[in-house]
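Input: a single structure, listed below in structure tokens.
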Amino acid sequence: MNKTIQMKMFDVIVWAVALLFAFGLLAGEAMAESKGVAAANATWKAECGSCHLAYPPQLLPASSWRQIMAGLPRHFGADASLDAASAAEIGAFLERNAGSGRRGGEAALRITETRWFLRKHDEVRPSAWNNPQVRTAANCSACHGGAERGDFDEHAVRIPR
Ligand code: HEC
Ligand code: HEC
């Protein structure tokens, strides 16, 4: 085989692989969307899930995430500082999947202080929040068994007693 034909074949193979890969990604994304699978990012899950639940991005608007990401060294009394690369990746992920509308569009630094959150939980007895197994309203998984999967459906709620 002469050299130029070899080069051309190589080009064709590279393009074919690249196209297959791109289609694979698109198909995967479309499937995740149709199944309603919660958005995920490995860096976010590891860094923002180490002290508490990695709160789903769609529960706060982009402006809130921007503010939270800008204040990590003094994060609700904790130091949650990150290296610049991780912070940039997580910030972009949070903003890309941020919430809007009635649930998720309300600017606040805490999900637990938004009006929709308070309304949805107004039937929870005050003593339930103070239960040692709950401690704080921010401890979503204490009552929402599916919180890690982004599932807060009211049929899967169990308040510890
Ligand atoms: C070093 C521990 C630590 C890390 C790491 C951390 N947090 Fe937090 N975070 C806290 C504490 C402590 C609170 C307050 C919890 C409470 O009130 O019970 C909090 C609260 C929050 C709240 C408000 C919860 C509410 O009340 O609705 C959000 C939102 C939040 N964190 C987002 C993040 C994001 C995004 C990251 C990753 C960039 C992150 N956190 C990483 C310690 C941490
Ligand atoms: C003390 C237990 C408890 C904690 C902690 C808690 N929840 Fe809930 N949550 C409930 C209960 C009970 C309901 C169902 C209210 C009802 O029946 O309408 C609920 C309802 C909800 C709903 C509405 C579900 C629907 O189908 O409409 C969402 C969303 C939700 N919670 C998110 C959260 C998030 C996010 C956190 C943490 C930041 C959290 N919850 C913490 C007990 C809790």
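Residue count for segment 142-154 under the criterion of being part of a helix (DSSP H, G or I) and farther than 25 Å from ASN130 by Cβ: the result is 1. Restricted to segment 66-86, and to residues there that are in a helix (DSSP H, G or I) and near ligand 1 (Cβ under 7 Å from one of its atoms), the residue that is most open to solvent (accessible area, probe 1.4 Å) is MET69. The lone criterion from (1) at pLDDT 95 or above; (2) surrounded by 14 or more Cβ atoms within 10 Å (Cβ to Cβ); (3) not β-branched (Val, Ile, Thr) left unmet by GLY150 is number (1).
Within segment 119-142, being open to solvent by less than 70 Å² (accessible area, probe 1.4 Å) and over 17 Å from LEU59 (Cα atoms) holds for VAL124, SER127, ALA128, TRP129, ASN131, VAL134, THR136, ALA142. Of all the residues in segment 108-141, those that are touching a helix residue (DSSP H, G or I) at 6+ places or on another chain (Cβ under 7 Å), of a type outside the set (Gly, Ala, Ser), in a loop (DSSP other than H, G, I, E, B) and near ligand 2 (Cβ under 7 Å from one of its atoms) number 1. Pairs are defined by a Cβ separation below 6 Å, a sequence spacing of at least 6 or placement on different chains, a first member in segment 107-136 that is β-branched (Val, Ile, Thr), and a second member that is outside any loop (DSSP other than H, G, I, E, B); the pairs so defined are ILE111/LEU59; ILE111/PHE117; VAL134/ALA142. Within the option set GLU33, GLU113, GLU29, being at pLDDT 95 or above and either under 23 Å from HIS144 (Cα atoms) or open to solvent by 30 Å² or more (accessible area, probe 1.4 Å) (or both) holds for one residue only, GLU113.
The values are calculated or read from the model by the stated rules, or taken from the named source; none is laboratory data. Keep in mind it's a predicted model, so treat the numbers as computed, not measured. All Cβ positions, even for glycine, are placed from backbone atoms using ideal geometry, and neighbour counts span all protein chains on display. Heads up: the accessible areas ignore ligands, DNA and RNA and are worked out on the full protein's heavy atoms, side chains in. Shrake-Rupley method; radii C 1.70, N 1.55, O 1.52, S 1.80 Å.
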